[in-house]
Each structure stands twice: as structure tokens, then as C-alpha cells.
Amino acid sequence: MARETERIRLTLDRIRKLVPPAGSQAVYVFDDDPKQLCIRVTPAGAKSFVFAGKLNKVPLRITIGDVKVWTLDDARTEARRLQGLIDQGIDPRQEKAERIAAAEAKREEARRVEAPALEAWTAYIEARRPRWGARHLDAHLDMSKEGGEKRTRGRRKGEGDTTQPGVLRPLLLLPLSRIDAACVRAWLEDETAKRATSAALAFRLLRAFLNWCSDRPEYREQVHADACAPRLAKETLPKPSARDDCLQKEQIRPWFAEVRNLSPIQSAYLQVVLLTGPRRNEMTALRWEDVDFKWNAMTVRDKDESKGGLDGTRTIPLTPYVKSLLLGLKASSEVPPPKSRILNGKRIESDLSLWKPSPFVFSSRSESGHIEEPRIAHDKAVAAAGIPDLTIQGLRRSFSTLAEWTEAPEGVVAQIQGHKPSATREKHYKKRPLDLLRMWHTKIEAWVLEQAGIEQPGEEQAPGLRVVKA
């Protein structure tokens with residue numbers, strides 16, 4: 001054990017002249033006032049101030065600090081303070097542990113206050129994830145994404161090869177305490193000028209996030225209650241205006257003429273969208289297993305699972321013309337690639353043992369395996385046909401609008417498109433079977449094809465259609 005030497009009046013000179021012990025144990029040189037202060041000298045020559053007292057008659061030693069850091073007067077003051085704690089029945093070790101814990105808590109609080117709001121945003125997403133649908137979750141992740149990833153879809157004019165940061169990313173990189181009304185206003189004005197629709201959605205998501213933070217004790221003190229005041233959106237965001245792009249009756253023929261000149265997969269996709277009225281992504285990921293050629297039906301995955309069947313899907317008719325388009329794609333998809341190809345002037349043999357048909361109806365070489373951005377091809381076809389701006393969503397709107405020429409019931413059209421019933425009678429008393437939907441859907445398709453100058457194939461007719469002369 002460490003051994004004690006003499007008790008002397010410590011001075012800076014005497015401390016400096018203390019020599020390391022010859023053995024393997026440290027020695028202690030005690031001060032005469034206070035008597036609990038001593039210098040510990042190790043065989044390696046290290047010197048430290050040490051408090052040596054008794055707590056409940058049990059010897060207690062606490063290192064105060066290195067003699068190079070602590071002055072002699074400060075060490076004596078600290079020794080007296082520690083003895084005062086013992087006189088009050090307080091264990092100095094416990095008191096030190098509590099001080100360290102309090103200091104650490106203070107540092108952690110300071111770090112949390114200065115930490116990016118992105119940390120709270122991540123905690124918010126994890127807390128709310130079980131209550132959200134897949135699309136709502138994806139919207140939050142998309143709004144806060146870092147960006148810089150390689151684009152998998154076509155880029156608009158002025159965009160680079162990599163994705164942009166999410167709309168909320170600039171705000172979430174700031175501490176919560178700095179996201180106030182002035183900050184949100186400046187951010188909203190900047191984003192509205194670039195992408196107004198996304199900015200409006202981001203503002204709503206941000207408001208919900210800050211409301212959640214205001215109910216959490218760890219974030220409550222950092223949140224500004226008026227950061228997302230309704231007046232900010234009213235004063236900054238443009239008034240929402242619903243798009244009304246839609247194919248007119250006289251535009252059907254030129255639209256089909258140009259779309260049918262596109263690549264087979266792009267052409268088939270766009271025609272199927274117009275003739276069935278789905279949301280864009282409901283049809284891009286359609287699989288062959290979802291198409292029933294025997295019973296003429298297609299299973300489509302809904303935007304919102306709560307609006308579809310028990311598994312988040314709906315079944316719609318496979319009409320004659322759409323069936324002929326898909327049969328043509330299926331025949332092409334089952335043809336293996338050539339056994340060899342020419343690359344840089346050399347013949348390269350293909351390993352066909354690894355090849356298998358794509359599971360997707362509208363397949364592509366994208367990472368997902370199916371088409372991701374049909375907009376570019378559609379824009380070219382629309383421009384060539386001389387039709388004003390028409391979006392993919394406009395094709396969905398066109399199906400609903402053009403169906404009125406056939407006097408099809410609104411409920412039938414809504415059920416095919418996957419719209420939630422809007423009336424009590426529709427919701428609770430109308431359960432239309434697939435055969436009834438097929439009857440009206442086939443009529444809608446036949447009328448559209450008649451305007452396009454295309455003859456609708458019969459059930460027994462093979463793929464390949466005859467154009468009706470105008």
C-alpha cells in the first residue's frame with residue numbers, strides 16, 4: 001500500500017524538490033494546515049494534490065488534481081471544502097459524481113439545443129411511423145432527403161444529373177430554436193419561387209412537426225409557437241389552382257396517332273392510362289401476375305390502401321383493346337435477347353442461362369425494373385400532335401371526362417379509377433360486380449377508339465388492330 005512520509009508546511013519550493021520514491025509504492029507528504037491535504041508522489045515522478053480524510057471513521061482519499069494545474073492555495077481551499085462536506089455527513093465522492101452528472105446534463109442540453117432540427121425530425125418520423133401510410137411516410141422522407149443521388153427519372157429543364165435536397169432540408173439543418181416566423185417566411189418565399197406545390201406541402205408537414213415538438217418536454221422550450229402561423233401561408237403561398245388539362249373529343253385521334261409511334265412499352269403504357277384512368281404509379285409497377293387474361297381482369301394497387309380492398313388493391317376489367325396491347329407486350333417480353341452482340345468491333349456471347357422475362361408489364365432498364373418517367377415520351381407525342389400542355393394526370397382526368405359521352409354512371413367510373421365513394425348510397429349500398437364494370441368499361445373504350453379511328457378488337461380477335469378510315 002501507499003505509505004505516508006512526514007508532515008510539513010508545504011511550499012512551492014518544497015513541492016518542487018520532492019523526489020520520486022525508490023520502491024514501487026507512492027509516498028504522501030502531508031501539509032500541516034489543513035491536515036487533510038497532501039502531495040502524492042509516484043515512482044514515475046507524478047505529483048498530485050490529494051485529500052485524505054475520514055468518512056464515518058473510514059479512511060477516504062480523493063485526488064484533487066495535478067500540482068502543475070492546481071495552485072497550492074486552491075488545493076488548500078478545496079481540501080477545506082471537502083472536509084466541510086464530510087462534517088455535514090456528505091460523501092464528497094457522491095457530491096463529485098452529482099456535479100459531473102449535472103455538468104454532463106448541461107452540456108447535453110446545450111448540444112441538443114444547438115443540434116440540427118433534423119434529429120428531432122427523425123425522432124418524429126419514428127414516433128409517428130406506425131400511424132402513417134406508406135405514401136405519407138415517403139412524403140416526409142422525400143421532404144428531408146439530402147439529395148445528390150443519381151436521377152432515376154427524367155430531368156426537367158435546368159436540372160442536373162443528381163437529385164435536389166428535399167424542400168425542408170435547409171430548415172431542418174438549423175437548430176429548432178432558430179426556426180421562427182421570420183426564418184420560415186424567408187424559406188417559404190425562396191421555395192415558393194422554385195416549386196410552389198412542394199413548398200405548400202412542406203409547410204403543412206413542418207407545421208405538424210412543430211406541433212408535435214411543442215408537446216414533447218425535450219423540445220418544448222425550443223419551439224416558436226408562431227413559426228408556422230396561418231398568415232405566413234396566406235401571405236406567401238399562391239392560391240391553389242387545380243389543373244384542368246384534359247383531352248378534348250377532337251384531340252383523341254391526333255393523340256393516338258402520335259402515341260402509337262412511340263416505343264411499344266411507352267406507347268402501351270400511355271394508352272392503358274387513358275383507357276383505364278389510374279394514377280401514374282399505380283400502372284407503372286403493374287406485374288404480369290396482376291393481369292388475368294383468362295377472366296379479363298387486372299389487379300391494381302391503390303394509392304391509399306384504406307380505399308382499396310383488404311390488401312390495398314382494386315380489380316378492374318381488362319377491356320379488349322387494353323388486353324390486345326398487353327398480349328403484344330407479353331409476347332415480346334418472353335423473347336430472349338440475341339445469343340451474341342457486337343461490342344467495340346468484337347462479338348460478345350450472352351449468358352442466356354441467367355436471363356428470365358421481366359415480372360413487370362411495362363419493363364425498363366431502370367433500377368426498379370419498370371418504367372419510371374413516361375412524361376418525357378408523352379410530352380414529345382403531345383407536342384407533335386399540337387395539343388396544349390397535357391400531363392399524365394391529365395390522362396386520368398380525360399378518362400373520367402370522356403366517359404360522360406357514353407353516359408356511364410359516375411359510380412362506375414369512380415370505382416374503376418379507385419376514387420373513394422363520395423355519397424352514403426355509393427359507399428354502403430352499391431357493390432358493383434366486375435361484370436357490370438366490364439360492360440360499361442368496354443363501352444367507354446369502344447367510344448374512345450371510335451374517335452381515334454381504331455377498331456375495337458373482339459374477344460376472339462388476335463393482337464393487332466385495324467385502323468378505321470376517317
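A few points about this structure:
- Segments classed as strands (runs of 3 or more DSSP E), wholly inside the range 293-389, with at least 3 members that are more than 28 Å from the chain's Cα centre (by Cα): 313-317, 340-343, 346-349
- Checked against the criterion of being closer than 25 Å to Ser177 by Cβ and within 23 Å of the chain's Cα centre (by Cα), the candidates Ala229, Ala208, Ala225 yield just one match: Ala208.
- Residues in the range 225-284 that are among the small types (Gly, Ala, Ser), surrounded by 15 or more Cβ atoms within 10 Å (Cβ to Cβ) and not in a helix (DSSP H, G or I): Ala227, Ala229, Gly277.
- Qualifying residue in the range 141-152 (condition: under 17 Å from Cys213 (Cβ atoms) and modelled with pLDDT of 85 or more): yes
- Among residues of the range 17-67 being over 24 Å from Arg81 (Cβ atoms) and either of a type in the set (Ser, Thr, Tyr) or touching a helix residue (DSSP H, G or I) at 6+ places or on another chain (Cβ under 6 Å) (or both), the one that is surrounded by the most Cβ atoms within 10 Å (Cβ to Cβ) is Thr42.
- Residue in the range 414-470 that is modelled with the lowest pLDDT, counting only those that are of a type in the set (Gly, Ala, Ser) and under 41 Å from the mean Cα position of the chain (by Cα): Ala423
The values are calculated or read from the model by the stated rules, or taken from the named source; none is laboratory data. Note that the structure is a prediction, hence the values are computed from the model and not measured. Neighbour counts run over all protein chains shown; Cβ positions are idealised from the backbone, glycine included.
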